[in-house]
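Visitor: Below is the structure I would like to discuss, written out as structure tokens.
The values are calculated or read from the model by the stated rules, or taken from the named source; none is laboratory data. Remember, it's a predicted structure, so these values are computed and weren't measured experimentally. A quick note on method: Cβ atoms are made from the backbone with ideal geometry, for glycine too, and the neighbour counts reach across all protein chains shown. Ligands, DNA and RNA are stripped out before the accessible areas are found, and what is left, the full protein with its side chains, is counted by its heavy atoms. Shrake-Rupley method; radii C 1.70, N 1.55, O 1.52, S 1.80 Å.
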Amino acid sequence: MSPLFFTGALLVCFLAVNAQKKLNASNDALKKETIANIQSKYDDYKKIALQIWDYAEVGYKEVKSSALLQQTLKDNGFTVQAGVADIPTAFVASYGSGKPVIGILGEFDALPGMAQEAVPEKIAIAGKIAGHACGHHLFGTASVAAGIEIKKLIEQKHFSGTIRVYGCPAEEGGSGKVYMVRAGLFNDVDVVIHWHPGDGNAVTMTSALANTSAKFRFYGLASHAAAAPEKGRSALDAVEAMDYMVNMMREHVPQETRIHYVITNGGKAPNVVPDFAEVYYYVRHPNRDQVKSIFERVVKAANGAAMGTETKMEYEIIGGTHDLLLNKTLAEDMQLNLEKVGGVSYTPEEIAFGKKLQTSFSYKVPAVEDAATVKPLKVETDAGGGSTDVGDVSYAVPTVGMRAATWIPGTPAHSWQAVACGGTDIGIKGLMVAAKTMALTAIDLYTNPSLIDKAKEEYIKAKGDYQYKALLGDRKPALNYRD
Ligand SMILES: [Zn+2]
């Protein structure tokens, strides 16, 4: 290398480092301002989140919740396209133009049977059929908050590019995002940011279980169960025979498999042989091909049950989601931002609420004050215990996500304790952590194109030559799956 070339290379390197330093410094100021801006709207977002908590609408029926988030975005200058992907409550809100296109996912569906007061003891709300046991009221609101803040940067600080907030219905079993992916709504997006409520603050480096769910329906012959049992063929017998076979199958499936079911219809009266019965199944495994083959065996059990009980069987695929493709490049960036934002600190009253709530758990729980900490970034090798339709988005575009402490440490998702926390400032404080961290991560993406390039490179490598195909096939959205 000639000395002149060496000096030149050194100079380029110096300039690049300097430019990055300058960028970091100006980003730092911008990030502080963004954190303060989001915090200043605490009461506004609290009002929206608690309103959705109160609506507690289940999958594909989130009419009021979706409308409220859409209106908030419209009031803040977004253009909203509603009813996308043949789903009335799905929407895409957009601001700005050109590249990069950054998407933020928001959810808002509640869980049936989970109505609960915002108190630290189990008290159901009379007459209410659902509750936000997965914190999706916070999820949707934080994503809208982050989107609005990014919109302001495009408008006021002349960031170039587009911000989109995706209103994603029916995450709980309805696989809403799968239809949105299938409709090509993410085709031109560079990076998608998401989050999920939780009992701690951490950037997600754990994949998810791929799954397929289906309702198996059996049709028999009704008759008097005592006077003419020989004339009847019990659809409930078929469900029980199927369940028995599947339960035996558990011994002969790969270790990480998860299979669960509920009988959604088992007849109406013991003295009538049921002529109709239905069972709702989930099959999960970290590997989507395993899910496909195990699901085929479950269908065989259903066919066998129908044959042996002389009933007829049909099944309907309800949902299906991919595993989650992780992106370390983006996760490392989000981690820095989450650390900058920090965790959640509670007032003495909230600590008292948390301690009382924790007495309802039968296992050892972390300290309430753990919500103030941010977990170090850790690449997990197992796929975790859950499934998410974000998995399908992660096969369409590089994604990055996190959890924020919206629930008292030790609180599991899908519990009355999660509903209770989500109805108080404990939940709202976690919402703030998520909104701020997502907005800060977006700032990095708009100001540092090489971050997107690097993330894309990693994404392409991780995806390999896999051609995405939805695990729920080409069915239309199961808009009535909660009926
Ligand atoms: Zn959830």
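Visitor: Over all pairs of distinct alpha carbons, what does the Kirkwood formula give as the hydrodynamic radius of segment 259-341, in Å? Provide the component values of the computation, followed by the final result.
Guide: On the way: mean 1/r = 0.0607 Å⁻¹.
It is 16.5 Å.
Visitor: Related question: So how strong a dipole does the chain carry about its Cα centre when Lys and Arg Cβ are +1 and Asp and Glu Cβ are -1, to the nearest 20 debye? Could the numbers behind the result be given before it?
Guide: Details: 50 positive and 53 negative charges, 116 e Å.
Using Cβ point charges on Lys, Arg, Asp and Glu, the chain gives about 560 debye.
Visitor: Using the Karplus equation 6.51 cos²θ - 1.76 cosθ + 1.60 (θ = phi - 60°), what ³J(HN,Hα) coupling, rounded to whole Hz, does each residue of segment 394-403 give in order, writing x for Gly and Pro?
Guide: 5, 8, 9, 7, x, 10, 9, x, 8, 10
Visitor: For segment 139-261, what is the convex hull volume of the alpha-carbon atoms per residue, in Å³?
Guide: On the way: hull volume 25.5 nm³, N = 123.
It comes to 207 Å³ per residue, whole-number rounded.
Visitor: Moving on to the next point. Can you give me the Rg/Rh ratio for segment 421-483, using Cα atoms for both radii and the Kirkwood formula for Rh?
Guide: Dividing the radius of gyration by the Kirkwood radius yields 1.17.
Visitor: Whole-Hz ³J(HN,Hα) for each residue in segment 431-441, computed from phi via Karplus 6.51 cos²θ - 1.76 cosθ + 1.60 with θ = phi - 60°, x for glycine and proline: what do you get?
Guide: 3, 4, 4, 5, 4, 5, 5, 5, 5, 5, 5
Visitor: Separate question: Considering only DSSP beta bridges with both partners in the chain, what is the antiparallel share in %, to the nearest 5? Before the final figure, lay out the partial values.
Guide: On the way: 43 of 62 bridges.
Around 70 percent antiparallel, to the nearest 5.
Visitor: Sorted by packing (mean other beta-carbon atoms within 10 Å per residue), highest first, where do 32-40, 82-90 land?
Guide: Working: 32-40: 16.0, 82-90: 19.0.
So the peptides 32-40, 82-90, ranked by packing, come out 82-90, 32-40.
Visitor: What whole number of Å gives the distance from the Cα centroid of segment 126-151 to the Cα centroid of segment 367-438?
Guide: Result: 13 Å between the Cα centres.
Visitor: Could you work out how far helix 449-463 tilts from the main Cα principal axis of the chain, as a 0 to 90 degree angle to the nearest 10?
Guide: The angle comes out at about 30 degrees.
Visitor: Of the chymotrypsin sites (Phe, Trp or Tyr not before Pro) in segment 25-107, which ones lie in a loop per DSSP and count no more than 15 other C-beta atoms within 10 Å?
Guide: none
Visitor: Enumerate the calculated ³J(HN,Hα) couplings along segment 69-83 in order (Karplus 6.51 cos²θ - 1.76 cosθ + 1.60, θ = phi - 60°), each rounded to whole Hz, writing x wherever the residue is Gly or Pro.
Guide: For segment 69-83, the Karplus-derived couplings read 5, 4, 5, 4, 5, 4, 4, 9, x, 7, 9, 10, 9, 9, x Hz, x marking Gly and Pro.
Visitor: Still on this model: If I compute solvent accessible area with a 1.4 Å probe over the protein chains, what percent of it on the chain is carbon and sulfur? Present the calculation step by step, with values, prior to reporting the outcome.
Guide: Values: 11690 of 20950 Å².
Solvent-exposed carbon and sulfur of the chain make up 56 percent of the total.
Visitor: Three principal axis extents, largest first, for the C-alpha atoms of the chain, in Å?
Guide: Principal-axis extents of the Cα atoms in the chain, largest first: 99, 57, 44 Å.
Visitor: Using amide H atoms built 1.01 Å from N in the peptide plane, name the residues 5+ places from G131, or on other chains, whose amide H lies under 5 Å from its own.
Guide: L111, G113, M114, A115
Visitor: Also: Of S97, T359, Y55, which is farthest along the charge dipole of the chain in the positive direction, counting Lys and Arg as +1 and Asp and Glu as -1 at C-beta?
Guide: My answer, from the dipole projection, is S97.
Visitor: Taking the Cα centre of the chain as the origin and placing charges on Cβ (Lys, Arg +1; Asp, Glu -1), which of Q417, L73, N37 is farthest toward the positive end of the dipole?
Guide: Farthest towards the positive pole: N37.
Visitor: Continuing with this model, one more query. Please give the calculated 222 nm ellipticity per residue for the chain, where each DSSP H segment of at least 4 residues contributes -39500 (n - 2.57) and the sum is spread over every residue; nearest 500 deg cm²/dmol?
Guide: Working: 14 runs with 209 residues, N = 483.
Computed mean residue ellipticity for the chain: -14000 deg cm²/dmol.
Visitor: Follow-up question, since we're still on this one. Pull up all non-local amide H partners of A405: gap of 5 or more, or a different chain, and H-to-H distance under 5 Å with H placed in the peptide plane.
Guide: G200, N201
Visitor: Now for a separate question. Let me know the Rg and Dmax you get for segment 368-483 when you use only its Cα atoms, in Å.
Guide: 17.8, 47
Visitor: Determine the dipole magnitude for segment 334-408: charges of +1 sit on the beta-carbon of Lys and Arg, -1 on that of Asp and Glu, nothing else is charged, the reference point is the Cα centre, and the result goes in debye to the nearest 20.
Guide: Numbers: 7 positive and 9 negative charges, 43 e Å.
With Lys and Arg at +1 and Asp and Glu at -1, about 200 debye.
Visitor: Just to be sure I understand the curve: with the Debye formula and one point per C-alpha of segment 88-204, what is log10 I(q)/I(0) at q = 0.12, 0.19 Å⁻¹?
Guide: -0.52, -1.03
Visitor: Return the inverse of the average 1/r over all pairs of distinct C-alpha atoms in segment 150-197, which is the Kirkwood hydrodynamic radius, in Å to one decimal.
Guide: Details: mean 1/r = 0.0787 Å⁻¹.
Hydrodynamic radius (Kirkwood, Cα pairs) of segment 150-197 is 12.7 Å.
Visitor: Right, next: Using the alpha carbon gyration tensor of segment 28-95, what are the three equivalent-ellipsoid semi-axes (square root of 5 times each eigenvalue), largest first, in whole Å? Display every interim value, and only then the final one.
Guide: Numbers: eigenvalues 132, 55, 16 Å².
Sorted largest first and rounded, they come to 26, 17, 9 Å.
Visitor: Taking amide H positions as placed 1.01 Å from N in the peptide plane, with prolines and chain starts having none, which residues 5 or more places from V101, or on another chain, fall under 5 Å of its amide H?
Guide: Distant-sequence amide H within range of V101: T162, D190, V191.
Visitor: Work out the charge dipole of segment 253-349 with +1 on the Cβ of Lys and Arg and -1 on the Cβ of Asp and Glu about the Cα centre, then indicate which of P348, N327, Y280 is farthest towards its positive end.
Guide: It is Y280.
Visitor: Also, quick follow-up: To the nearest 20 debye, what charge dipole does segment 109-171 have about its Cα centre, counting +1 at the Cβ of each Lys and Arg and -1 at the Cβ of each Asp and Glu?
Guide: Dipole about the Cα centre, nearest 20: 220 debye.
Visitor: For segment 41-81 and segment 253-279, compute the distance between their C-alpha centroids and round to whole Å.
Guide: 36 Å
Visitor: Restricting to Cα pairs below 8 Å that are 6+ residues apart, what does the relative contact order work out to for the chain? Please round to a whole percent. Mind showing how you got there, number by number?
Guide: Numbers: 1054 pairs, mean separation 109.1, N = 483.
Across the chain, relative contact order equals 23 percent.
Visitor: Within the set of other residues whose C-beta is less than 15 Å from the C-beta of K364, count the net charge using Lys and Arg as +1 and Asp and Glu as -1. Working shown, then result.
Guide: On the way: positive: K355; negative: D199, D370.
Here the count lands on -1.
Visitor: Right, something else. Taking the C-alpha atoms of segment 210-360, how large are the radius of gyration and the largest Cα-Cα span, Dmax, in Å?
Guide: Both quantities, over Cα of segment 210-360: 23.0, 73 Å.
Visitor: What distance in nm separates the two pseudo spin-label positions at H414 and E296, each 7 Å out from Cα along the beta-carbon direction?
Guide: Result: 2.7 nm between the two label points.
Visitor: Sticking with this structure for a sec: Cα atoms only: what Rg and Dmax, in Å, come out for segment 79-143?
Guide: Both quantities, over Cα of segment 79-143: 16.2, 50 Å.
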